[in-house]
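Coordinate-derived values only; no laboratory data. Predicted, not measured: the structure shown is a model, and the values here were computed from it. Here Cβ is always computed from backbone atoms with ideal geometry, including for glycine, and neighbour counts include all displayed protein chains.
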Amino acid sequence: MAANNKNTKNQKPKFNPYWIYGAIIAIFLGMQLFSGSSFQEAKSTTPSQFMEFLKNGDVSKVEIVNRREAKVYLTPQAQEKEVHKASKPTSLIASSNNLPNYKFEFGDLQNFEDGIAEIVANYQLDPQPKVEYKTEQNLLGDFLIGLLPFIILIAVWIFIMRRMSSGGAGGAGGQIFNIGKSKAKLFDQNTDVKVSFKDVAGLEGAKEEVQEIVDFLKNPEKYTALGGKIPKGALLVGPPGTGKTLLAKAVAGEAKVPFFSLSGSDFVEMFVGVGASRVRDLFKQAKEKSPSIIFIDEIDAIGRARGKSNFSGSNDERENTLNQLLTEMDGFGTNTNVIVLAATNRADVLDKALMRAGRFDRQIFVDLPDIRERKEIFEVHLRPLKKAKNLDTDFLSKQTPGFSGADIANVCNEAALIAARNGKKAVDKQDFLDAVDRIIGGLEKKNKIITPEEKKAIAFHEAGHATVSWMLEHAAPLVKVTIVPRGRSLGAAWYLPEERLIVRPEQMLDEMCAALGGRAAEKVIFDKISTGALSDLEKVTKQARAMVTIYGLSDKVGNLTYYDSSGQNEYGFTKPYSEQTAELIDKEISDIIEVQYQRAIDLLTQHKDKLTELADVLLEKEVIFKDNLEKIFGKRPFEKEDVNDTQPVKTQENTLEEEE
Ligand code: ADP
């Protein structure tokens, strides 16, 4: 079907803009020919030769054209002379007597006239040659030169128009008016969408909800018979890379109804009013094809809460677009069978009006996958890979806490690339581990130049983290420590954090203490500190500030939070607390950090020998694992059983930032 349509379209003779260029070139060529041919038969000569002819009495008439050029007519007798034979004009149009024999440019008119007068007087020519003045106009040429600016203008206009219309997908090309048309991509029976619900792993709840939406459209009677109304929209909310777009694609693949897909930013253009007009057009198209689904990705681009105090007015266009969207979603009745799906990872900034029932009635949360879902996602993405036989997906999903679906897809791909680089026949476990390291830490830089002294500092820094976190009850269990530079970090301690839902202050404090362990180790061993602790300090400061100002965990500041979940405080120039409170907050933050730093120093001073031992092992081996630590410290006192068998990996801190 689709192929046929295409063919018939192509066969129609279409107006081709190159014809215009062709016509213009033809006109120029024609002009050139006509102005050239019959009139320019006269032979060129020079002023001095002309004077000779004049003296000989050969000249009957001199015609001065445009005060610039002289055309010379010879007397009939002279025309017969041998010297002038070659100058005899021939023409198809005019008789040869009326045509000039010679022409030349004389330079200054006054001098030329004086020269003629002198010769006429001196040689007493009789009859005197006539001197005539004439203005010749190249009518066509002048006309065209007058037209040139218009031609250029029109050409530029055509060019701009074509550029603009080529930007808009879906519309017939060549019209500037397409700018207000929606840019949605349409998927229907004729387009081949290969994604199906099978490709979406995990996300059971979310999958069920969207499947139900597909069902609404296919069998609306089933629901309306009982008096129910079909929902108008569903909002997919969740962190990036968790499969929201994938889910929508699967809907397109399975629904078998027209599916309009576009991104929130597609509404935005530099012209005012375009966004609203595009929204109108989108809904018009969708209604024409109903039952249908509209999918708007990244809806926060237009759906952001409308500001209350809008100083600049620069957001008007976005607000108009949003208003139009709200109206359209209200406007179509329940029987139009158009359902709007939208995705965002910032549901908190969306306008409340957008989220109310009757617009996006349903919010579907698409969360980061848990260990079981990660396993399923691994299975989906391992399908196309040639993997080693004993590859254990349970193990892989344990390795990747906190990874999103997109991260897992990336790990699988990266592992295959690593295996290929090493010339392997199949992708094995080590490749996956390397891929995880690579994705978390960045590229290994084995040949980075580091002085032995720096290396020692890095080793002690990392050993400090390892030692402190080993000694503290709530610090995340350590997996490995490395001083191989990777990405922007010079060394790292990797942890497997517990997946906690609620965090208590002790846990936060222990983590901060472990993060400060690096700098503390430098201080204890060398009695010097360095810039290497930048990322640790950044993390710790943020955490301490959050404890005080967001979670209300500070005794002195109390059970207050200055957090605004509505995100509508964009233009707030003033802090929501007084100067005294600001001072108190600063003091609290600094106190929390100093106490933890001191705690790390005390711990490390107490275990200085073990710290040194660990750093030495680290310097020798570059990478050490939990077993090495156990050998030095003995069993970790606070080891929890369930974490014991989940071994690896999630970095908590990359330390010793490179200075740039
Ligand atoms: P977003 O939520 O940011 O829209 P996407 O849907 O674009 O994320 O996901 C990006 C990629 O991650 C997908 O193309 C897919 O390869 C992978 N992915 C994410 N979630 C899943 C999942 N649940 N099952 C399978 N693949 C997934």
Starting from the Cα of Glu204, step 7 Å along the direction of its Cβ; do the same at Ser578; then give the gap between the two resulting points in nm. 5.4
With label points set 7 Å from each Cα along the Cα-to-Cβ direction at Ile27 and Asn559, the distance between them in nm comes to 8.5
Isotropic mean projected area of the C-alpha convex hull, the range 510-556 (nm²): 3.8
By how many nm would the segment from Ile371 to Ser265 grow when fully extended, if each residue of separation counts as 0.36 nm and the alpha-carbon distance is taken off? 34.8 nm
Give me the three principal axis extents of the range 375-440 from the C-alpha atoms, as integers in angstrom, largest value leading. 30, 22, 17
Please report how many Lys pairs in the range 375-440 have alpha carbons closer than 20 angstrom, counting only residues at least 8 apart along the chain or sitting on separate chains. 17
In what sequence do Ser469, Ser263 fall when counting other Cβ within 10 Å, fewest first? Ser263, Ser469
q = 0.11, 0.13, 0.14, 0.25 Å⁻¹: log10 I(q)/I(0) that the Debye formula gives for the range 36-137, counting C-alpha atoms only: -0.30, -0.43, -0.50, -1.56
If each residue's Cβ is checked for other Cβ atoms within 10 Å, how do Phe53, Phe460 rank with the fewest at the top? Phe53, Phe460
From the Cα trace of the range 318-375, what convex hull volume per residue do you get, rounded to a whole Å³? 112
Specify the inter-centroid distance of the range 372-450 and the range 469-534, based on alpha-carbon positions, in whole Å. 25
Would you kindly state how much longer the chain becomes between Phe395 and Thr541 on full extension, computed as 0.36 nm times their sequence separation minus their alpha carbon distance, in nm to one decimal? 49.1 nm
Straight-line reach only, C-alpha to C-alpha below 22 angstrom: list the lysines that Lys185 could link to, leaving out same-chain residues fewer than 8 apart. Lys6, Lys9, Lys194, Lys218, Lys232, Lys244, Lys249, Lys256, Lys284, Lys287, Lys289
For the range 241-310, convex hull volume per residue from C-alpha positions, Å³: 107
Could you order peptides 538-544, 399-405, 445-451 by the average number of other Cβ atoms within 10 Å of their residues, highest first? 399-405, 538-544, 445-451
Fewest-first sequence of Tyr223, Tyr73, Tyr563 by Cβ atoms within 10 Å of each Cβ: Tyr563, Tyr223, Tyr73
Quick one: plug the Kirkwood hydrodynamic radius of the range 486-543 (C-alpha pairs) into Stokes-Einstein at 20 °C, 1.002 mPa s, and report D in µm²/s. 166
Just subtract the alpha-carbon distance of Gln137 and Lys222 from 0.36 nm times their residue separation and send over the number in nm, one decimal. 22.1 nm
I want to verify the translational diffusion coefficient of the range 398-538 in µm²/s; compute it with Stokes-Einstein, Rh as the Kirkwood radius over Cα pairs, at 25 °C and 0.890 mPa s. 147
So if I take the alpha carbon set of the range 466-513, get Rg, then get Rh from the Kirkwood formula, what is the Rg over Rh ratio? 1.03
Cut-off under 21 Å on the C-alpha distance; same-chain residues fewer than 8 positions from Lys556 excluded. Which lysines are left, in chain and number order? Lys542, Lys575, Lys587
